Amino acid sequence: MGHSLIDHAVDILNKNDLRTYTVPTHGLYPFQWNWDSCLVALGQSYFDEARAWTEIETLFASQWDDGLVPHIIFHKDDPGYFPGPDVWQTGQPIPTSGITQPPVAGFAVRRLYDRAKDKAQAAKQARALLPKIDAWHDWFFRCRDPEGTGLVALIHPWESGRDNSVDWDDAFDRVPTEGVEPFERRDLMHADASHRPTQAQYERYIYLVQLFRDLGWDNTKLHDASPFQIVDPGFNGILIRSCADLADLADALGEPEIAARNRAWAKAGSAAMEALWSDTYGQYLCYDRKAGRPVDNPSVAGLIAAFAPLPQKRADRIGTRIKNMGEDVTYLVPSQPADTATFDGKRYWRGPAWLIVNYMISDGLAHAGQHDVAERIVNDSLSLIEASGFAEYYDPITGEGCGGKAFSWTAAMVIEFLTRSKELV
Ligand code: GLC
């Protein structure tokens, strides 16, 4: 079974490969997405290391002068997607969006380097990417943590990668919709409306884009100007892990200054994460920086945090929490717990399980010695593929595949789960 699944996964990655970048899936997402590309590169490294490096290099070729790495690179026009470059108007040579996405690049590049068969080539590629990833991390702490708390805030839900999470509902009540230019959604041409964000959410997504655009995408202003400022433990966990991994990589490549800076960010971030811990839920919670209070919702963000190096007792408690959640769902890990009133098993980030999330959580828990839970997560992930193919996300109770089909990062994660099990469980 393993082999035919891998062949199928490789086939999907090849079909979605536009030579220098890979689309998440044709139709619904016809451009390059930031964290999709970095995670896809891990899958590509199984059959073509050079191609894997290209994927990440293409992404960083669109890094902004201030250090931001955009969430979408619009390599070519496509009328089937909204909001396109005409809405963002970021003025970049190759058009891009103006917000970012979870910074998995530091983690991915270290993993590519560690595993590389062609070490000389990998060292060359990694050395060229090192200062760029470092500049991106620096951008985060300068522009998204202006008060030096150690943790960064998101200013748009799309930055989290969990577009319509329940985590944003309260903060979204504060985001107005006056002045939103009329628009036509294109996602509903490609996917079932009941699996996607609502119209009310889309209006607020676009309100924020217009607000930032009116401020000229000046990142010295956007954080403070945004009515939406959320400190997400999953996002910060990913950033902390990438800082720690980039530090190790920089040491291996003889770049002690980059190593020291990134190690300091990881250390400060890990310490600051304590403030997001909830004993009531046994996991981390988001913090609404604008409202000055925690977001009272135990979403998967607080479990993704396990991807970061954490105090052992926190990782252990997260392991127990996920084990318990396994009694309410057939397939771990739901993006919203099945025992909450807002759970919606098919609606994007309000319930469904995602393989990339499962990958990061199982990797973190395995590092922390939580092998049983990590193994259950990996097995559930592969059962989903066998039951429903390579979908974008899955109903964690019925296992139904939802959203886009023939999905790149799902394929990449399957390759990872089947070929790298030693690192993951
Ligand atoms: C959706 C997801 C986001 C992903 C993108 C492309 O917007 O929420 O995380 O990067 O699709 O797959």
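The values are calculated or read from the model by the stated rules, or taken from the named source; none is laboratory data. The structure presented is a predicted model; accordingly, all values stated were derived computationally and were not measured. Note that we place each Cβ from the backbone using ideal geometry, even for glycine, and neighbour counts take in every protein chain shown. To get the accessible areas, we keep the full protein, side chains included, count just its heavy atoms, and leave off ligands, DNA and RNA. Shrake-Rupley method; radii C 1.70, N 1.55, O 1.52, S 1.80 Å.
At a glance:
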read-out	value
In the stretch 187-201, residue farthest from the chain's Cα centre (by Cα) [restricted to those that are in contact (Cβ under 8 Å) with a residue 60 or more places away in the chain and surrounded by fewer than 18 Cβ atoms within 10 Å (Cβ to Cβ)]	MET189
Failed condition for TRP88, given (1) farther than 27 Å from GLY43 by Cβ; (2) surrounded by fewer than 18 Cβ atoms within 10 Å (Cβ to Cβ)	(2)
Residue match in the stretch 250-271 (condition: of a type in the set (S, T, N, Q) and open to solvent by 70 Å² or more (accessible area, probe 1.4 Å))	no
Condition met for VAL295 (touching a strand residue (DSSP E or B) at 6+ places or on another chain (Cβ under 9 Å), farther than 28 Å from LEU246 by Cα, buried (at least 24 other Cβ atoms within 10 Å of the Cβ) and among the hydrophobic types (A, V, I, L, M, F, W, C))	yes
Per-region count, the stretch 47-84, residues farther than 23 Å from PRO103 by Cβ and open to solvent by 20 Å² or more (accessible area, probe 1.4 Å)	9
Check on ASP328, farther than 29 Å from SER270 by Cβ, of a type in the set (Asp, Glu) and either within 16 Å of the ligand (Cβ to nearest atom) or surrounded by fewer than 18 Cβ atoms within 10 Å (Cβ to Cβ) (or both)	yes
Candidates VAL87, VAL40 - the one that is within 12 Å of the ligand (Cβ to nearest atom) and either outside any loop (DSSP other than H, G, I, E, B) or more than 28 Å from ILE240 (Cβ to Cβ) (or both)	VAL40
Of all residues making up the stretch 374-408, the number that are within 16 Å of the ligand (Cβ to nearest atom), open to solvent by 10 Å² or more (accessible area, probe 1.4 Å) and over 18 Å from ARG347 (Cα atoms)	1
Residue list for the stretch 12-37, restricted to those being part of a helix (DSSP H, G or I), surrounded by fewer than 20 Cβ atoms within 10 Å (Cβ to Cβ) and free of Cβ contacts under 8 Å to residues at least 40 places away in the same chain	ASN14
Lone unmet requirement of (1) part of a helix (DSSP H, G or I); (2) over 14 Å from ALA9 (Cα atoms) for TRP409	(2)
Any pair with Cβ under 8 angstrom, 6 or more apart, that starts in the stretch 144-162 at a residue that is within 30 Å of ALA353 (Cβ to Cβ) and ends at one that is open to solvent by 10 Å² or more (accessible area, probe 1.4 Å) and among the basic types (Lys, Arg)	ALA153/ARG289
